[in-house]
Amino acid sequence: MSTPACAVGRLGDEGPWVGFAPELEDAYALVVGGTAAGTRRSPADPDDLLSLAIAYFEDALVAPPEELAATHGDIGALVRSLSELEHDEERRRLLREAVDAVDDGLATDVVLGRLNRCLTEGEEPIARLTRRAARLIGA
């Protein structure tokens, strides 16, 4: 049985929602729902998850379904998990700084700056989420 998803936001007014769900063995899935095809999941890489965290703090997406909406605590747990699983010492340090910013409730621009420093692929987070969602739903 799949674990419930935490939705971060919708990709457009009538678009699908994107979010994440914990999976077995300390992994997360990228989840896309609210489509005619139903809910789809795919293994998420760290940049997918960081993009979701950034989208949450940027408030750049349309509000997700209220019953699935991710909380500040959900995002904190997500980023904390990334920091605990990271093998690269420098990236782990950056992720821990991001965890501290989230947990301490620092200003949004500080949190976003710390999260953005953790990205490795350089793709804009909303563009990444839009691209990944389109692939998952076959659009």
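The values are calculated or read from the model by the stated rules, or taken from the named source; none is laboratory data. Predicted model only: the values in this text are computed from it and were never measured. Please note: Cβ atoms are built from the backbone with ideal geometry, for glycine as well, and neighbour counts cover all protein chains shown. When the accessible area is computed, the model is the full protein with side chains, heavy atoms only, and any ligands, DNA or RNA have been set aside. Shrake-Rupley method; radii C 1.70, N 1.55, O 1.52, S 1.80 Å.
Structural remarks
- Of all residues in the range 117-139, exactly one satisfies the criterion of being open to solvent by less than 70 Å² (accessible area, probe 1.4 Å), over 30 Å from Ala36 (Cβ atoms) and part of a helix (DSSP H, G or I), namely Cys118.
- Residue within the range 53-60 that is assigned to a loop (DSSP other than H, G, I, E, B) and β-branched (Val, Ile, Thr) present: no
- Residues of the range 50-69 that turn out to be in contact with a strand residue (DSSP E or B) (Cβ under 6 Å, 6 or more places away or on another chain) and buried (at least 21 other Cβ atoms within 10 Å of the Cβ), as a count: 5
- Residues of the range 7-24 that turn out to be among the hydrophobic types (A, V, I, L, M, F, W, C), surrounded by fewer than 23 Cβ atoms within 10 Å (Cβ to Cβ) and not in a loop (DSSP other than H, G, I, E, B), as a count: 1
- Hey, Ala36 surrounded by fewer than 21 Cβ atoms within 10 Å (Cβ to Cβ) and not charged (D, E, K, R) or not: yes
- Filter result for Arg114 (modelled with pLDDT of 95 or more and either part of a loop (DSSP other than H, G, I, E, B) or open to solvent by 80 Å² or more (accessible area, probe 1.4 Å) (or both)): no
- Of all residues making up the range 57-78, the number that are of a type in the set (A, V, I, L, M) and in contact with a Lys or Arg (Cβ under 9 Å, 6 or more places away or on another chain): 3
- When we screen Asp103, Asp88 for residues that are touching a Gly at 6+ places or on another chain (Cβ under 9 Å), over 14 Å from Leu52 (Cβ atoms) and open to solvent by 30 Å² or more (accessible area, probe 1.4 Å), the only hit is Asp103.
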